[in-house]
Amino acid sequence: MNTLSILVAALLPAILLWLYIWKKDTKKEPTSWLVKAFLWGIIICIPVAIVEAGLGYILLGDGGKPSSLLDTTIVAFVVAAIPEESFKLLALWLILRKNPYFDEHFDSIVYAVCIGLGFAALENIGYVFGKDGGMLTAITRALLAVPGHYAFAILMGYYYSIYHFVDHSPKAAACVLLVPVLAHGVYDSLAMSGLVDPTVGGISFFVLIYFCIKMHKYSWNKMMAQVERDKNGTNVTS
């Protein structure tokens, strides 16, 4: 399999998902701002990798691997979900804090997805060209991992919009980070369970598929709720 085919397979899911969310935006954001958001998603891969390497060393030691399901759950949340979603939120805040075009509920979802897919695209390249990479890895991640980052981003963008436009309560603020972290942590916990128990890993795979279906349905409903808010000009929480 040539390098170009694998590269296309690695990037195509992010491109298609970005085009989908872009088409959903009735009042298109300036291309320059969308590119900035996508680049921020790529840039944060560097500090995320450093933080994850440090946390992984603290929890597992040099070259260590999880030895129990508790270990994989801790790694999923502490090493992966919390650092990745925290840096994505930082990037989203940097993009939106002085953005004059951030004037609709759906906008924060658009920018969050750009950041999430920028991150996912570079991460995907690392995986498919890594030691155990290849076309099978690209296909698997195209069906699960990249759409996962897309769903996490929708959730972050939705709650960011709720906090910004509708509800300034501490609960709404906490949801901006906690909801995508919870979704991401559960996803990774299920995906990593096979590292310590192949049987549990096989069962977890089917649970993971079910979880992804439910998560994407939930994300879809939240996304469409923001579309309706902008269409109707309402500020009603759901």
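For segment 59-72, check the following and say yes or no: at least one residue is small (Gly, Ala, Ser) and touching a helix residue (DSSP H, G or I) at 6+ places or on another chain (Cβ under 7 Å). No, because not a single residue in segment 59-72 is small (Gly, Ala, Ser) and touching a helix residue (DSSP H, G or I) at 6+ places or on another chain (Cβ under 7 Å). Among the residues of segment 43-55, not a single one is within 20 Å of His164 (Cα to Cα) and exposed (fewer than 14 other Cβ atoms within 10 Å of the Cβ).
Rundown of residues vs (1) farther than 19 Å from Tyr160 by Cα; (2) open to solvent by 40 Å² or more (accessible area, probe 1.4 Å); (3) over 17 Å from the mean Cα position of the chain (by Cα), yes/no style:
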{"residue": "Trp93", "(1), (2), (3)": "no, yes, no"}
{"residue": "Asp103", "(1), (2), (3)": "no, yes, yes"}
{"residue": "Ser108", "(1), (2), (3)": "no, no, no"}
{"residue": "Tyr127", "(1), (2), (3)": "yes, yes, no"}
{"residue": "Asp132", "(1), (2), (3)": "yes, yes, yes"}
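Within segment 26-47, residues that are in contact (Cβ under 8 Å) with a residue 60 or more places away in the chain and within 21 Å of Phe106 (Cβ to Cβ) sit with their Cβ atoms under 8 Å from residues that are of a type in the set (A, V, I, L, M, F, W, C) and open to solvent by 30 Å² or more (accessible area, probe 1.4 Å), at 6+ positions apart or across chains, in these pairs: Leu34/Trp22; Phe38/Trp18; Trp40/Leu94; Gly41/Leu122. Could you please find all residues in segment 74-119 being basic (Lys, Arg) and under 20 Å from Ala53 (Cα atoms)? Residue satisfying the conditions is Lys88 alone.
A single member of Asp103, Asp132, Asp62 is in a loop (DSSP other than H, G, I, E, B) and within 30 Å of Ala9 (Cβ to Cβ), and it is Asp132.
Considering the conditions (1) of a type outside the set (A, V, I, L, M); (2) over 28 Å from Thr3 (Cβ atoms); (3) in a helix (DSSP H, G or I); (4) open to solvent by 50 Å² or more (accessible area, probe 1.4 Å), Thr140 is excluded by exactly one of them, (2).
I'd like to know if segment 42-49 contains one or more residues that are modelled with pLDDT under 95, β-branched (Val, Ile, Thr) and either farther than 17 Å from Tyr150 by Cβ or in contact with a Pro (Cβ under 9 Å, 6 or more places away or on another chain) (or both). Scanning segment 42-49 turns up no residue that is modelled with pLDDT under 95, β-branched (Val, Ile, Thr) and either farther than 17 Å from Tyr150 by Cβ or in contact with a Pro (Cβ under 9 Å, 6 or more places away or on another chain) (or both).
Residue count for segment 193-207 satisfying the condition of being part of a helix (DSSP H, G or I) and open to solvent by 40 Å² or more (accessible area, probe 1.4 Å): 8. If the condition is being open to solvent by less than 60 Å² (accessible area, probe 1.4 Å), within 24 Å of Ile139 (Cβ to Cβ) and either assigned to a loop (DSSP other than H, G, I, E, B) or not aliphatic (A, V, I, L, M) (or both), then segment 14-42 contributes only Gly41.
In this structure, does Val79 turn out to be more than 19 Å from Ile154 (Cβ to Cβ), free of Cβ contacts under 8 Å to residues at least 40 places away in the same chain and within 15 Å of the chain's Cα centre (by Cα)? It is true that Val79 is more than 19 Å from Ile154 (Cβ to Cβ), free of Cβ contacts under 8 Å to residues at least 40 places away in the same chain and within 15 Å of the chain's Cα centre (by Cα). Annotation note: Cβ proximity below 7 Å between a residue of segment 114-132 that is under 16 Å from Leu39 (Cβ atoms) and a residue that is not charged (D, E, K, R) and not in a helix (DSSP H, G or I) (sequence gap 6+ or interchain) occurs for Phe119/Ile44. When the residues of segment 143-163 are filtered to those that are farther than 19 Å from Leu12 by Cβ and free of Cβ contacts under 8 Å to residues at least 60 places away in the same chain, the one that is most open to solvent (accessible area, probe 1.4 Å) is Tyr163.
Within segment 195-223, residues that are modelled with pLDDT under 95 reach partners that are open to solvent by 50 Å² or more (accessible area, probe 1.4 Å) and outside any helix (DSSP H, G or I) with beta carbons closer than 7 Å, at six or more positions or on different chains, in the pairs Leu195/Lys65; Val196/Ser67.
The values are calculated or read from the model by the stated rules, or taken from the named source; none is laboratory data. Note that the structure is a prediction, hence the values are computed from the model and not measured. FYI the Cβ positions are ideal-geometry reconstructions off the backbone, even for glycines, and counts take in every protein chain you see. Heavy atoms of the whole protein, side chains included, go into the accessibility calculation; ligands, DNA and RNA do not. Shrake-Rupley method; radii C 1.70, N 1.55, O 1.52, S 1.80 Å.
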